[in-house]
1. Look at the stretch 228-271 and say how many of its residues are among the hydrophobic types (A, V, I, L, M, F, W, C) and under 17 Å from Q117 (Cβ atoms).
2. Only one residue in G221, G170, G252 is more than 20 Å from the chain's Cα centre (by Cα) and surrounded by fewer than 24 Cβ atoms within 10 Å (Cβ to Cβ), so which one is that?
3. Going by the conditions given, is T122 polar (S, T, N, Q), closer than 23 Å to A70 by Cα, in contact (Cβ under 8 Å) with a residue 60 or more places away in the chain and touching a Gly at 6+ places or on another chain (Cβ under 9 Å)?
4. Scan the stretch 74-130 for residues that are of a type in the set (D, E) and more than 22 Å from the chain's Cα centre (by Cα) and jot them down.
5. Of the conditions (1) under 27 Å from I161 (Cβ atoms); (2) modelled with pLDDT of 95 or more; (3) of a type outside the set (F, W, Y); (4) in a loop (DSSP other than H, G, I, E, B), G497 satisfies every one except a single condition; which number is it?
6. Out of the residues in the stretch 372-385 that are hydrophobic (A, V, I, L, M, F, W, C) and assigned to a loop (DSSP other than H, G, I, E, B), state the one that is nearest to L11 (Cα to Cα).
7. Just need a number here: residues in the stretch 337-371 that are outside any loop (DSSP other than H, G, I, E, B), among the charged types (D, E, K, R) and surrounded by fewer than 24 Cβ atoms within 10 Å (Cβ to Cβ).
8. Have a look at K460, K484 and point out the one that is part of a helix (DSSP H, G or I) and open to solvent by 40 Å² or more (accessible area, probe 1.4 Å).
Amino acid sequence: MQQVIIIGSGLAGLSAALHLAEHNITSLMVSPMMSERSQSVMAEGGINGALNTMGQDDSPAVHAADTYMAGRFLSDENAIRDMTEAAPALLRKLHAAGLCFDLNAEGDIALRPFGGQSKKRTAHAASNTGKQLMHTLISMVRRYEESGMVQRLTGWEFVRILKQNGHTTGCCLKNCSTDTMATYPAQAVIIASGGLNGLFGNATGSVMNRGDVTASLFADGVELANAEMVQYHPTTVRLHAKNMLITEAVRGEGGRLFAVKQPEDEPYYFMEDRFPEQKNLAPRDVISREEWKLQQEGYSIYLDMRHMDPELIARKLPGVAKDCREYLGIDVTKEPIPIEPGIHYFMGGIRVDRAHHTSLSGLYAAGECCCQYHGANRLGGNSLLGALYGGKRAADSVAQDLAAGLLPIPEQTEPADSEGIAGVTLSAADTAALQSVMRRTMGIARTADTLETGYAELEKLYESCKAPLCLLGMALVQSAMERKECRGAQYRLDYPGEQDAFHKTTVASYCNGTIHISFAEIG
């Protein structure tokens, strides 16, 4: 029996495995399908850290303040400070391990500006930072795989958590090839299963990851937090299967947003006009809302790189130029990129405390699957950092709890079966119906009418299939219904402005067949 099971082999899962091994704790990493790894690869633009290179007068405290401000004060300030204080050392460690960050003239890690930030603090590896980071973490973990400290289990899916006397005892997994189930006991389980892209479809991350792990846990009583906070990235391109992300690094290197009603119209550089201080690098929720408003007036939105130095594009943004050429048939040096806001990131998720404990003893969560650090809107460049640091923090907590005798060896394990709501799956047709409702209901702009209509559709779908994914969708919508204000990604046309009464964490729980929504103090 491994001491810890990690669900997910993306950035947060790899970080957790690495740091557990450094604590001399064995782990089993379950890699069922493309999940957070795909999201990490999509995170092209960079990773934040107050490195103070290039003459920057930056600090972890300033980084924390920018993060808190961008999230509209909805995240735990202490947890944010923990992350931003750890960031510089984490980035230096990765660089020393071989991550090929771009370097400045002095040979130190180069930094670029990113949206919502008051300083240049985003380290980058051209426009492939996520991929480079994954390669580096994988190589760092492999040496522990060789020694047996980390074992990898591929081709298995998470079905449900196992628990006894209110404590996690392991999990039930299904073999994707044989459709057979098995139980895996453990003293602790770390969930690092990524976001909920496939719950919506046409998101920027892997739509193969529907959020089944989070849905199963929610159906088994694990709490969610701020589930209504769904980030729309302002520069995506709608494709038939998923949205293509145009990294924020383009705007960090000088790209400009404009709008036109007719192709022959003069470009209206709306962010430069409406937000003259931050311009094209305002927080993502701000830009996405402005784009949505213009779209309602009949405008089309474009990202302009035509004025940028072709040599700079080739050196710092080669992936963007290549993707636009291959998938859109656009030469970015000669044509603007047609873009629109698209679902990109989930600030809410499994509720965790500062140390990444969930509401179930022995269960931890890290990365995009959990609600931590980002509040109502994620600061650009903080996704990779949040996953990297979150995996480390969860591993540190497991080590502390093991040392304190809080994680006993399971005496017995429940039989592996799929009975109960947590083991119910969703058909392809019902998945498509669910995605359609979620896209229509949880858009950039929300009202009581649209939310109530969507909830009724989800309720009807759930009654017909009893699948946890429908419950999860209902929890997101009900959380948005109960938060009667505008804050970050929660934009209610019928409740304008932020309200002090809702400066709290939205908590969703499932008990006795009913979803309960409450509000808790932050922290």
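The values are calculated or read from the model by the stated rules, or taken from the named source; none is laboratory data. Since this is a predicted model, take the numbers as computed values, not measurements. For neighbour counting, all protein chains shown are included, and Cβ atoms are generated from backbone atoms with ideal geometry for every residue, glycine included. Ligands, DNA and RNA are stripped out before the accessible areas are found, and what is left, the full protein with its side chains, is counted by its heavy atoms. Shrake-Rupley method; radii C 1.70, N 1.55, O 1.52, S 1.80 Å.
1. Just the residues of the stretch 228-271 that are among the hydrophobic types (A, V, I, L, M, F, W, C), to begin with: 229-230, 237, 239, 241, 244-246, 249-250, 257-260, 270-271.
Checking which are under 17 Å from Q117 (Cβ atoms) leaves us with 249-250, 271.
Adding up the residues that qualify gives 3.
2. Working: G170 fails: surrounded by fewer than 24 Cβ atoms within 10 Å (Cβ to Cβ); G252 fails: surrounded by fewer than 24 Cβ atoms within 10 Å (Cβ to Cβ).
On inspection, the qualifying residue turns out to be G221.
3. Details: polar (S, T, N, Q): yes; closer than 23 Å to A70 by Cα: yes; in contact (Cβ under 8 Å) with a residue 60 or more places away in the chain: yes; touching a Gly at 6+ places or on another chain (Cβ under 9 Å): yes.
It is true that T122 is polar (S, T, N, Q), closer than 23 Å to A70 by Cα, in contact (Cβ under 8 Å) with a residue 60 or more places away in the chain and touching a Gly at 6+ places or on another chain (Cβ under 9 Å).
4. Of all residues in the stretch 74-130, those of a type in the set (D, E) come to 76-77, 82, 85, 102, 106, 108.
Selection gives D102, E106, D108.
5. (1)
6. Within the stretch 372-385, the subset hydrophobic (A, V, I, L, M, F, W, C) is 376, 379, 384-385.
Applying the additional criterion that residues be assigned to a loop (DSSP other than H, G, I, E, B) yields 376, 379.
Values: A376: 22, L379: 18 Å.
My answer is L379.
7. Pass one, the stretch 337-371, residues outside any loop (DSSP other than H, G, I, E, B): 337-346, 349-351, 357, 361, 363-365, 367-371.
If we keep only those that are among the charged types (D, E, K, R) too, we end up with 340, 351, 368.
Now drop any that are not surrounded by fewer than 24 Cβ atoms within 10 Å (Cβ to Cβ), which leaves 340.
Final tally of qualifying residues: 1.
8. Values: K484 fails: part of a helix (DSSP H, G or I).
So the residue among K460, K484 that is part of a helix (DSSP H, G or I) and open to solvent by 40 Å² or more (accessible area, probe 1.4 Å) is K460.
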